[in-house]
Ligand code: DON
């Protein structure tokens, strides 16, 4: 994939595939950071429930995994109070009302990625703080103030930098250095090494303000003033009214039934419909009957993925959903899509689009189930690693660069190579389309699985691989998380594999079926999940970004 963006792609894993992290107990957590998982377990052991643990985790990832953990980003929180109805908080970032489409175009009419994905111009209104206060106030057991003061202390003490984070910080240092606050916190004369301490006293002060004054400090009070003053002084569009008027949207999750279980995820403009599109297409006897892991298996997955990315062009955006979307997840529509798949050959994406009659980085997930059965599945993002790379002066936290998730020109790709489409065209006050798709699987009302990943367009394809294998083919999560990954997003019409793919025979067989097979030159996704196993739950954390699974034995 080539484009004009100059963010690097991390190709190395600091840990080996065999080091997938596992933990089993009465309650369990999986996050992208050892220190965040340790804090979450402490909260559970100190009388907190999954919602208290999620609150502390969301804020502490800002310290421990600053490339994606955030106060300055947004996402989707899918949760289920024990045995109850699953709910979604849509706290996606929102375009400032004072920005116009022209503000992101060059004189020749092309999109300027240095304005859409980098620096103050790329910043959308963040939703994270509002969503987690709402969750904790409604469903938590403990006091938000106490939880936040404990997180503030950790910001003061500092994060122990992992190898993965050190690599990312060292590579992106020159970009972080354009923001004076980010430079002070994240850029050093000597390269970061694993084990270095990274304290953040300004973030500690911000968290203390939140503990004492609540979320309104971020949207109308002291922190709001800091954000607006800094962005306005440096050419950003975000204004005091954008923050003051921001609201989370409480919506119903969307769902399909697969193998007697209910799979829940987030509606558009989130990425959940793409995932359910793939799952419902593949829930057919011919796919269930093919051997897990063989070329035919991956062929069906790739074809269903291509169709999900074709479908996305018609509906995915922050706008009213039309009849095409309403029909998308029906059995008839799934059977019609499945019938478009040639059983032994790759059909070019353009030809698939014609038969469907369609004209034609950074995020993190955490998963928690507590001993009572409360479940939280949260994906949130700053878009690319460290978001806009811009940190608020004196406040110690980075802001998202999510303007780039909009389409500006139809047919033109964004950072992730996703083609611009009408429903996602930029407009002031709109939320950009997202690939994020936190998942909850229930059986008879009980949370059986919470699962998710970062990775832009690789989010729905990775989760489809996980869910087809676990639900339709009975594969255990551990070998699945360890396995080398494949990804197809329709355009470019190429099947991507991870570097060092461990099954060259499979790649050769897929090439024989007509696929153009190519090394993506970066690791694909970073799965964090918790799975019910009888009376206990099993947490599984990917090796790709050095996450950690931990369990609460009691
Ligand atoms: O919402 C989205 O689709 C993007 N902001 C996701 C970015 C992402 O997953 C980067 N992670 N590697």
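Which one of the conditions (1) more than 16 Å from the chain's Cα centre (by Cα); (2) within 16 Å of the ligand (Cβ to nearest atom) does residue 506 fail to meet, given that it meets all the rest?
In the conditions (1) more than 16 Å from the chain's Cα centre (by Cα); (2) within 16 Å of the ligand (Cβ to nearest atom), residue 506 misses (2) alone.
Out of (1) farther than 25 Å from residue 81 by Cβ; (2) away from the ligand (no atom under 16 Å from the Cβ); (3) buried (at least 18 other Cβ atoms within 10 Å of the Cβ), the odd one out for residue 344 is which?
Failing condition for residue 344: (3).
If only one of 417, 401, 387 is within 14 Å of the ligand (Cβ to nearest atom), outside the structural domain of residue 516 (by TED's automatic domain parsing) and at negative phi, which one is it?
401
Among the residues of the stretch 418-463, how many are buried (at least 24 other Cβ atoms within 10 Å of the Cβ) and assigned to a helix (DSSP H, G or I)?
Total satisfying the criteria: 7.
Okay, residues lined up against (1) modelled with pLDDT of 95 or more; (2) out of contact with any helix residue (DSSP H, G or I) (no Cβ under 8 Å at 6 or more places or on another chain); (3) over 15 Å from residue 254 (Cβ atoms):
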| residue | (1), (2), (3) |
| --- | --- |
| 430 | yes, yes, yes |
| 436 | yes, no, no |
| 441 | yes, no, no |
| 446 | yes, yes, yes |
| 450 | yes, yes, yes |
| 455 | yes, no, yes |
| 460 | yes, no, no |
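Tally time: how many residues in the stretch 462-480 are within 15 Å of the ligand (Cβ to nearest atom) and either out of contact with any helix residue (DSSP H, G or I) (no Cβ under 7 Å at 6 or more places or on another chain) or on the phi > 0 side of the Ramachandran plot (or both)?
Residues meeting the conditions: 1.
Taking the condition of being under 15 Å from the mean Cα position of the chain (by Cα) and surrounded by 24 or more Cβ atoms within 10 Å (Cβ to Cβ), how many residues in the stretch 405-417 meet it?
Residues in the stretch 405-417 being under 15 Å from the mean Cα position of the chain (by Cα) and surrounded by 24 or more Cβ atoms within 10 Å (Cβ to Cβ): 1 in total.
Can you find even one residue in the stretch 393-401 that is out of contact with any helix residue (DSSP H, G or I) (no Cβ under 9 Å at 6 or more places or on another chain) and in a strand (DSSP E or B)?
Within the stretch 393-401, not a single residue is out of contact with any helix residue (DSSP H, G or I) (no Cβ under 9 Å at 6 or more places or on another chain) and in a strand (DSSP E or B).
Restricting the first residue to the stretch 245-256 and requiring it to be under 23 Å from residue 327 (Cα atoms), which pairs with a second residue that is modelled with pLDDT under 95 meet a Cβ separation below 9 Å and a spacing of at least six or different chains?
254/329; 255/329; 256/329
Of the residues 118, 89, which single one is in a loop (DSSP other than H, G, I, E, B) and either outside the structural domain of residue 546 (by TED's automatic domain parsing) or under 26 Å from residue 392 (Cβ atoms) (or both)?
118
Report, by residue number, each residue of the stretch 510-554 that is within 15 Å of the ligand (Cβ to nearest atom), assigned to a loop (DSSP other than H, G, I, E, B) and over 18 Å from residue 496 (Cβ atoms).
545, 546, 547
Would you confirm whether any residue within the stretch 92-106 is closer than 22 Å to residue 175 by Cβ, away from the ligand (no atom under 15 Å from the Cβ), assigned to a helix (DSSP H, G or I) and touching a helix residue (DSSP H, G or I) at 6+ places or on another chain (Cβ under 8 Å)?
yes
List, please: which pairs have Cβ atoms under 7 Å, are six or more places apart or on different chains, and start with a residue in the stretch 348-377 that is closer than 30 Å to residue 48 by Cβ and within 16 Å of the ligand (Cβ to nearest atom) and end with one that is in a helix (DSSP H, G or I) and at pLDDT 90 or above?
Sorted first by the residue in the stretch 348-377, then by its partner, the pairs are 364/61; 366/57.
Please go through the stretch 70-89 and pick out each residue that is away from the ligand (no atom under 12 Å from the Cβ) and buried (at least 22 other Cβ atoms within 10 Å of the Cβ).
Answer for the stretch 70-89, where residues must be away from the ligand (no atom under 12 Å from the Cβ) and buried (at least 22 other Cβ atoms within 10 Å of the Cβ): 71, 72, 77, 78, 79, 80, 88, 89.
Can residue 54 be described as closer than 17 Å to residue 363 by Cα, at pLDDT 95 or above and not in a loop (DSSP other than H, G, I, E, B)?
yes
Please work out which one of (1) within 23 Å of residue 416 (Cα to Cα); (2) surrounded by fewer than 24 Cβ atoms within 10 Å (Cβ to Cβ) is the condition residue 356 fails and give its number.
If we test residue 356 against (1) within 23 Å of residue 416 (Cα to Cα); (2) surrounded by fewer than 24 Cβ atoms within 10 Å (Cβ to Cβ), just (1) comes out false.
The values are calculated or read from the model by the stated rules, or taken from the named source; none is laboratory data. The model shown is predicted, which means the values in this text are computed figures rather than measured ones. Note that we place each Cβ from the backbone using ideal geometry, even for glycine, and neighbour counts take in every protein chain shown.
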